[in-house]
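Asks: My questions will all concern the structure given below.
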Amino acid sequence: MPKQEVQRRHEMWEELCERGGPQSVGSTLVRELGIYRGQAGIWRDKDQTAGLTDDGSGVTVSVLHTGQSYADDLSEGGVIYHYPETGRIGSRDENEVEATKNACRLGIPIFVVVYPEEDDSKRDVHLGRVADWNDETEEFLILFDADFNAPGETASEVREREPFQLTSERSGRTSPQLTRPEQGRFSFNVFKRYGKKCAVCEISVGDMLVAAHIRGKAEDGSDDARNGLVLCKNHHAAFDSGLFSIEPETHLIHTQEEGPSKQELRIKHSRLSPARSEPHEDAVRWHWERWKEEQ
Ligand SMILES: [Zn+2]
C-alpha cells in the first residue's frame, strides 16, 4: 500500500511538471491534481491516505508555506516547517502532526506548496521528504531531495552513525557567516540533539537560546550537530569570547584565571549539562586546547 502511494505521488508530480509546473502554477491546477485542497497548513487527503495507517491518521500529502510567519525558514534545499497551531477544536492538529511523521515513517514523499511573493494566485511546488522532526521545538525538517532514508528512520538517526567531521569540507573557501539555509538546518539538528536548554545554565526559553558552533565557522568548523551546543545568548557570547571552556575528559567548566568567575558569568553548573547528548570529544578538545594556549 505505501508503495502505491509513493507511485501515485510521483505521477502527480510528473503531471504537474508536464502541465507547466512545478514553479508558478495556478492554484486551481494544484487543487485539481489533489496536491493541495486544504484550508490551513497541512493537507492529509483522508479519503486517499487514512487506510495507509492503522489508526486512520493518514499520511500528509502536502504542507502549505505562506511565508508570512516564518519567511526565513524556506531555502533551496528545504524548509523548517512549524507544527500547526490553529487552536481548532478536537485533535485535528495532533493528527496532522502525526500524519506528517507518518510520511517519514513510511518513506512517502510530500509536496511543499509555497506562495510566491509576486502573485498570490500562483503556487510554487516542491517535492520533498519529511527528514526529521522535533516535538520540543515543534518543527519538521522537510528536504527537497530524493535521498530517502530507510522508512522509519529520521535524518538525525542516520547522522549519528556517520563519522564525525570537525571541519567543513569546503576547501580553500571560508565564509565566516553562515547562509540562512545552512544555519536553519544546523540549528534544527543541534536542538534535536541536545534539547531545548542552555548547556551551562537553566534557561530554556526558545527565543533566548541559540545553536552555537564549538569550532566556529570562521575556523572552518563543520555544521555537524556534534560540533554544536545549545547555549543561551549570554553564554554563547561568553563562550565565543573565551570567557570559559570545557575540559574534554571531565566536561568541567573552567573560566579564565584572571577573568570573571562562574558566579559572575551566571554559569550554574560545574560541568557541561546539556538536556540530552554530549558533544563530540574532538570538538570539545579543539576548543579547550586553543583556549589553554591563549591563557
Ligand atoms: Zn546560559
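This table checks each residue for (1) of a type outside the set (S, T, N, Q); (2) more than 24 Å from Gly78 (Cβ to Cβ); (3) within 16 Å of the ligand (Cβ to nearest atom).
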residue: Val210; (1), (2), (3): yes, no, yes
residue: Asn234; (1), (2), (3): no, yes, yes
residue: Ala237; (1), (2), (3): yes, yes, yes
residue: Thr255; (1), (2), (3): no, yes, yes
residue: Lys262; (1), (2), (3): yes, yes, yes
residue: Pro274; (1), (2), (3): yes, yes, yes
residue: Ala283; (1), (2), (3): yes, yes, no
residue: Trp291; (1), (2), (3): yes, yes, no
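Asks: Just wondering, is there one or more residues in segment 176-185 that are at pLDDT below 95 and buried (at least 21 other Cβ atoms within 10 Å of the Cβ)? Explain how you work it out, then say what you get.
Replies: Of segment 176-185, the ones at pLDDT below 95 are 176-185.
Still in the list and also buried (at least 21 other Cβ atoms within 10 Å of the Cβ): 184-185.
Yes - at least one qualifying residue is present in segment 176-185.
Asks: For segment 199-213, give me the residue count where each residue is free of Cβ contacts under 8 Å to residues at least 60 places away in the same chain and touching a His at 6+ places or on another chain (Cβ under 7 Å).
Replies: Of the residues in segment 199-213, 2 are free of Cβ contacts under 8 Å to residues at least 60 places away in the same chain and touching a His at 6+ places or on another chain (Cβ under 7 Å).
Asks: What number of residues within segment 115-133 satisfy the criterion of being open to solvent by 10 Å² or more (accessible area, probe 1.4 Å) and either modelled with pLDDT of 90 or more or under 15 Å from the mean Cα position of the chain (by Cα) (or both)? Can you show your working first?
Replies: Of all residues in segment 115-133, those open to solvent by 10 Å² or more (accessible area, probe 1.4 Å) come to 115-124, 126-127, 129, 133.
From what is left, the residues that are either modelled with pLDDT of 90 or more or under 15 Å from the mean Cα position of the chain (by Cα) (or both) are 122-124, 126-127, 129, 133.
The qualifying residues number 7.
Asks: Given (1) under 15 Å from Lys101 (Cα atoms); (2) open to solvent by 20 Å² or more (accessible area, probe 1.4 Å); (3) of a type outside the set (Asp, Glu), identify the lone condition not met by Gln39.
Replies: Exception for Gln39: condition (1).
The values are calculated or read from the model by the stated rules, or taken from the named source; none is laboratory data. If you're wondering where the values come from, they're calculated on a predicted model, not measured in any experiment. For neighbour counting, all protein chains shown are included, and Cβ atoms are generated from backbone atoms with ideal geometry for every residue, glycine included. Each accessible area value is taken on the protein alone, full model and side chains, heavy atoms only, with ligands, DNA and RNA left out. Shrake-Rupley method; radii C 1.70, N 1.55, O 1.52, S 1.80 Å.
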